[in-house]
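Beneath this line is the structure, given in structure tokens, with notes to follow.
Nothing in this text is a laboratory measurement; each read-out follows from the coordinates by a stated rule. Being a predicted model, the structure only gives us computed values, none of them experimental. Glycine also receives a Cβ, built like all others from the backbone with ideal geometry; neighbour counts cover every protein chain displayed.
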Amino acid sequence: MELPEYLKQETEENIMQRMLKRISDDIDKTEGSYIWDALAPVAYEIAQMKKDMNEYLKRGFASTSFGRYLDLRCEEHGLKRGEAKKAVCKEKFTGKTGTLIPAGTIISTTIDEIADTQSVEFKTLSNAVISNEGRAFVDIEAVDPGSIGNVPAGAVNLMVTPINGIVSITNESAASGGKEIETDESLLRRYFNKVQLPSTSGNQADYYNWTMEVEGVGNAQIVPLWNGAGTVKVILLDDSMQPANPNIVNKVQEYLKPNDETKVGKAPIGASVTVVPAESIDINITAKVVLDGSRTLSEVQKDFETVLTNHLKNIAFSDDTKVRYSLLGTLLLDTNGITDYSNLLINNETGNIILNNGQVAVKGTVTLNE
């Protein structure tokens, strides 16, 4: 935030001169005098306070606020930051009949040195006993919150806390539900949507705001009158800016307009609401790159894929309806370790990818060659 004009003038020198002017001219005010030496530290501290005022101003406006201060601003409008969640799934233990698996038993995934991934720890949520069939199923939860716990089926296969009688463990289905605490950017976007889009009785802004109240929704497009009078289509992204899964779609459908006509949702009486996930458009990239020798090809490709994923998240359901060829080239060239590139293709083309209403670009395959 740029300093207001009245603060720009509040330098240590200006403050010092104003204070000296208030001292009688028949007193020695030259540098090094008693009066000068007494006022100089005060002028410095006052100037520092004036500089700090800019930080106070930042916290007072939503667009420049952050962290807890942004939380307080949003809470004035009934918005709360989305909490971090721990991934959960069900774990299968096999072993000797009657073996007890205590609640809180720590298990984990294995370290993958090739993919450079660390192990992820889980804990059992209740006691379990190996049955006569030689197995037991128990709910487990990631020790730490975040998407790091969303591991695939079969990944949780290591006993961190050994138990005599247990032969093997595995999660037969993927762990899911883990997510990071909502970012300032996401919370600020919801704040602006709330305060800038006026809500009336079931207008387009209402549907958007209602939809964003459902946990797991990252963004939405509202299409009024899509199939005639009284119809509304709600197109969903999850909080990672990917097409929403069926669970989120169903939660939004139930919240807005339950399929069961005996239940009441947010939508006005008589409205016909259809909730669907966004259509994903894979962005497949190939290019020949020139490396500077500081990093391997696999390292620069991994970094570029991360940058690409973040860029596609930023433009998801935004006013920018194109995946721009020139911009992806810039992102590639800005990747640490790459000095030049050629033969860049996006979906086998050398042009922009146009996104239609309800479509979201997602990272597909990335192939970089030297």
Over all alpha-carbon pairs of region 280-369, lay out the pair-distance distribution in 5 Å bins, whole %, shortest bin first. 3, 15, 28, 25, 16, 9, 4, 1, 0
In whole angstrom, note down how far apart the Cα centers of region 33-87 and region 263-292 are. 37 Å
The helix 34-60 Cα axis meets the longest alpha-carbon principal axis of the chain at an angle in degrees, between 0 and 90 and rounded to 10, of 30 degrees
Which FRET efficiency, nearest 0.05, do residue 250 and residue 160 yield, Cβ-Cβ r, R0 51 Å? 0.90
Rounded to the nearest 10 degrees, the helix 246-256 long axis (Cα) sits at an angle to the longest Cα principal axis of the chain of 70 degrees
In the list (1) 19.9, 63; (2) 28.9, 103; (3) 21.8, 64, the entry giving Rg and Dmax of the Cα atoms in Å computed from the coordinates is (2)
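Please state the relative contact order of the chain as a whole percent: Cα pairs under 8 Å, 6+ residues apart?
Values: 654 pairs, mean separation 42.5, N = 370.
RCO, the chain: 11 percent.
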Arrange the peptides 209-221, 242-254 so that the one whose residues have, on average, the most other Cβ atoms within 10 Å appears first. 209-221, 242-254
Added length on full extension, which subtracts the Cα-Cα distance from 0.36 nm per residue, residue 80 to residue 6: 23.1 nm
Sort 228-240, 40-52 by the packing proxy (mean of other Cβ within 10 Å over each peptide's residues), most packed first. 228-240, 40-52
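Would you compute, from DSSP H runs of 4+ residues alone, the mean residue ellipticity of the chain at 222 nm, taking -39500 (n - 2.57) per run and dividing by the full residue count, rounded to the nearest 500? Please report the intermediate quantities before stating the final value.
Numbers: 9 runs with 111 residues, N = 370.
When only DSSP H runs of four or more count, the value is -9500 deg cm²/dmol.
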Set of lysines near residue 96 by C-alpha distance (under 24 Å), chain-local residues within fewer than 8 positions excluded: 123
Expressed as a whole-number percentage, the relative contact order of region 197-277 with C-alpha contacts under 8 angstrom and at least six residues apart is 28 percent
Full extension from residue 295 to residue 279: what is 0.36 nm times the residue separation minus their Cα-Cα distance, to one decimal in nm? 2.2 nm
Could you name the aspartates and glutamates in cross-link range of residue 179, using Cα to Cα under 14 Å and dropping any fewer than eight places away on the same chain? 83, 141, 144, 215, 238, 239
Among beta bridges assigned by DSSP with both residues in the chain, the antiparallel ones amount in percent, to the nearest 5, to 70 percent
Assign one of three labels to region 5-60, namely rounded, prolate or oblate, based on the Cα gyration tensor with a ≥ b ≥ c the square roots of its eigenvalues; rounded applies when a/c is under 1.5, prolate when it is not and a/b is larger than b/c, and oblate otherwise. prolate
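Return the subset of 92/313; 257/313; 194/313; 50/194 for which the Cα-Cα distance in this structure is over 25 Å, preserving the input order. Each step should come with its number before you reach the end.
On the way: 92/313 35 Å; 257/313 28 Å; 194/313 21 Å; 50/194 33 Å.
The pairs that break the limit, which is 25 Å between Cα atoms, are 92/313; 257/313; 50/194.
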